[in-house]
Amino acid sequence: MSAIVGSSTDTDTALADVARGSPSPEARHVPGAGLDPIFKAALYGCSGLILVLLASILILLFWGGWPALATFGPSFYWSTVWNPVTEKFGAGVMIYGTLFTGILALLIALPMSFGIAFFLTEIAPVSSRRPVGMAIQLLAAVPSIIFGMWGVAAIIPLMANYIQPPLIWIFSSIPVLGYLFKGPASGLGMLTAGIILAFMVIPFITAMFVEILESVPAMLKESAYGVGCTTYEVFRNVSVPYGRTALVGATMLGFGRALGETMAVTYVIGNANRISASLFASGSTIASTIANEFPDAPAGSLRNQSLLELGFALFVISFIVLAISRMLVRTGTK
């Protein structure tokens, strides 16, 4: 009996140690148990490193670009002057080009992503879902510079010879609408950059759309089919309304992805410092301007500081877009 009572007492003591968070005497002698604090510290270090890295980038951009903002004032963000010779710099053209090409990319990518996602979740036979899904993943892995080279070799000649000339001939004489289609048929310009960006963000948006559409309860879709709804009606009245908020959030994430693309846009946008409503006009984005001019800007010069301020502006724009998208996705998944 005393042996049983002693065993019960030892068990209670071990359970009390576990409840307090301290290991039992047996656990204290397990080889490697002393490494647990080191492992936890390493995990905290990895997490903290991300925060430190993000803060260091933000501080570098803000502190490095502050002299330019102090020189030109808030008008730096809407001024359209960018002249390294006279050292007059403004971010208006670049901000406009960044937002314009990003919106064009969304207008092109959104319907295609919806179509691909709904095809994969509702229509595609099982045998073709895997190949199509793998193709989308491979497209997402293509580097930005490859898209830029493909744009120069294929998209620019196609736009210059077969797409821009008929569009200019048809729409340029129409009041108001004609402003969107004026300009030389060079193949370069905002529309070409928007098309390249669209192909780059389609895999990203499609992957999120597939995940959202697969989360729609099967009972809702089966009920709709049961009352005679067509596939399109199920898509429009069941799948999209159910995941509307998360779909908008995924779209905003794709928009944020498009804002920071550099090399592909640099190759096809024309890199001109002007604002135009024409889809065929050359322009520039924040990322393309930094890529073109940062290597030639001496450290500490006003030009270098203005480029750093451009980077800070892109950081803020991307942060706002991604914060809104995360909020929408989180709201839609509750």
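Computed from the coordinates by the stated procedures, all read-outs in this text should not be read as laboratory data. Here the structure is a predicted model, which means the values were calculated and not measured. Cβ sites come from the backbone with ideal geometry, for glycine too, and all protein chains shown count toward neighbours.
May I ask you to derive the FRET efficiency for ALA140 and MET263 from their Cβ-Cβ distance with R0 = 25 Å, giving the value to the nearest 0.05? Kindly include the intermediate steps, with their values, before the conclusion.
Working: r = 16 Å, r/R0 = 0.65.
Calculated transfer efficiency: 0.95.
In the chain, the C-alpha radius of gyration followed by the widest Cα-Cα span (Dmax) gives 27.7, 105 angstrom. Packing, as the average of other Cβ atoms within 10 Å across residues, places the peptides 93-103, 39-49, 119-129 in the order 93-103, 119-129, 39-49, highest first.
At 0.36 nm per residue, and after removing the present C-alpha to C-alpha distance, how many nm does the segment from ARG244 to TYR162 gain when stretched out fully? Numbers along the way, then the final one.
On the way: separation 82, 0.36 × 82 = 29.52 nm, distance 3.72 nm.
Difference between extended and current length: 25.8 nm.
Going by neighbour counts of Cβ atoms within 10 Å, the residues GLU309, GLU222, GLU211 line up, fewest first, as GLU222, GLU211, GLU309.
Within 10 Å, count the other beta carbons around each residue, average over each peptide in 73-82, 168-177, 248-257, and list them highest first.
Numbers: 73-82: 14.2, 168-177: 11.8, 248-257: 22.8.
Taking the mean over residues of other Cβ atoms within 10 Å, the ranking is 248-257, 73-82, 168-177.
Per-residue ellipticity at 222 nm computed for the chain from its helices equals -21500 deg cm²/dmol, with DSSP H segments shorter than 4 residues left out and the rest contributing -39,500 (n - 2.57). Please compute the net charge surrounding ILE290, taking Lys and Arg as +1 and Asp and Glu as -1 over other residues with Cβ under 15 Å from its Cβ. Neighbour charge sum, excluding ILE290 itself: -3. Relative to the dominant Cα principal axis of the chain, helix 126-140 is inclined by about 70°. Note on CYS229/ARG129: beta-carbon distance plugged into 1/(1 + (r/R0)^6) with R0 of 30 Å gives a FRET efficiency of 0.85.
Charge tally around PHE280: other residues with Cβ under 14 Å, Lys/Arg +1 each, Asp/Glu -1 each, net +2. Annotation for ILE174 and ASN83: the two label points, set 7 Å from Cα along the Cα-Cβ direction, are 3.8 nm apart. If a paramagnetic tag sat 7 Å from the Cα of ALA272 along the Cα-Cβ line, which residues of segment 162-203 would have the backbone N under 11 Å from that point? It comes to 182-190, nothing else.
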